[in-house]
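Below is one structure; the comments refer to it alone.
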Amino acid sequence: MATASPIVSLNNVSKSYKRDSNVIPVLKNISFEIPEGEFLGLMGPSGSGKTTLLNLIAGIDRPSAGSLTVCGREVSALSETELARWRSNTVGFVFQFYNLLPVLTAFENVELPLLLTKLSKKERREHVELSLKVVGLEDRMHHYPKQLSGGQEQRVAIARAIVTDPSLIVADEPTGDLDKVSAEEILRLIGRLNTEYRKTIIMVTHDPRAAERAHKVRHLDKGELS
């Protein structure tokens with residue numbers, strides 16, 4: 001059986017931040033690959049660099065050293081404009097605190113990433129309705145975030161993440177703010193995105209039960225990956 005080609009490839013990636021005259025290393029010489037279609041869990045204590053690594057892969061931040069290729073593009077070599085366009089087409093983001101705009105309905109929140117595309121209004125509507133159907137919220141599309149439960153808000157956030165049909169979904173503690181039942185629903189949904197829709201998923205989590213859903217789990221500690 002042929003091995004899936006890597007969708008993410010890191011080669012000696014390091015990241016440090018400057019604070020006054022001090023240089024604070026966060027990630028140290030990290031090299032690994034993620035095959036297409038993988039569901040990877042990233043675990044580690046607070047401050048280990050998990051979110052920093054996720055942000056590098058997603059093109060939110062840039063490495064201080066090393067090379068990082070995602071979906072065939074050397075991400076660290078892209079200009080800010082190229083990076084923004086690449087991100088909007090390639091990566092879907094799911095955060096712990098949903099990041100929904102309270103003044104917009106579920107439909108309007110999901111539609112936001114599509115406003116940067118050349119899709120017509122009719123095409124945008126079709127994409128949004130399909131995404132909300134995938135997450136089981138087509139009957140809540142005109143509700144505002146305050147009218148939804150936490151689990152429903154996170155499902156709207158997931159619909160927003162998949163509406164552009166990205167190759168890669170990055171999830172940073174997606175169940176961290178949810179009760180046990182809602183967390184279970186979200187993990188099932190993320191699993192379906194991986195198995196049914198063939199999305200590559202990288203999920204940062206503190207929760208061993210959430211990590212069990214991943215095909216593979218890597219651990220970060222003090223900026224080093226194991």
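Each value in this text was obtained by applying a stated rule to the coordinates, not by laboratory testing. Source: prediction; values computed, not measured. Please note: Cβ atoms are built from the backbone with ideal geometry, for glycine as well, and neighbour counts cover all protein chains shown.
Quotient of the Cα radius of gyration of segment 37-81 and 2.2 N^0.38 Å, N being its number of residues: 1.26. Here each label is just a point 7 Å from Cα along the line to Cβ, and for L130 and L104 those points are 1.9 nm apart. Working from label points 7 Å from Cα in the Cα-to-Cβ sense, the L119 to R198 distance is 2.0 nm. Expressed to the nearest 5 percent, the antiparallel share of DSSP beta bridges inside the chain is 55 percent.
Placing R0 at 35 angstrom, the Cβ-Cβ distance between H215 and D165 gives a FRET efficiency of 0.95 after rounding to 0.05. Among the listed pairs K199/K222; K18/K222; K118/K199; K118/K146; K121/K146; K50/K222, those whose Cα-Cα separation exceeds 20 Å are K199/K222; K118/K199; K118/K146; K121/K146.
Dipole magnitude for segment 1-87: about 280 debye, using +1 per Lys or Arg Cβ and -1 per Asp or Glu Cβ, origin at the Cα centre.
Among Y98, Y144, Y17, the order by Cβ neighbours within 10 angstrom, fewest to most, reads Y17, Y144, Y98. Estimated translational diffusion coefficient (Stokes-Einstein, Kirkwood radius over Cα pairs, 37 °C, 0.692 mPa s) of segment 136-192: 275 µm² per second.
For segment 6-225, what is the charge dipole size about the Cα centre, in debye to the nearest 20, if Lys and Arg each add +1 at the Cβ and Asp and Glu each add -1 at the Cβ?
The dipole of segment 6-225 has a size of about 240 debye.
When the chain is treated as a Gaussian network with alpha carbon springs shorter than 10 Å, the biggest mean-square fluctuation among K118, K18, K199 belongs to K18.
Considering helices alone, the calculated mean residue ellipticity of the chain at 222 nm is -9500 deg cm²/dmol, with DSSP H runs of length four and up weighted by -39500 (n - 2.57) and normalised per residue.
A straight chain from T81 to H142 at 0.36 nm per residue would run longer than the Cα-Cα distance by 18.7 nm. With the charge dipole of segment 6-225 set up from +1 on Lys and Arg Cβ and -1 on Asp and Glu Cβ about the Cα centre, the Cα lying farthest toward the positive end among the listed residues V134, C71, L53 is that of C71. Its alpha carbons considered, segment 1-103 gives a radius of gyration followed by a Dmax of 14.9, 52 Å.
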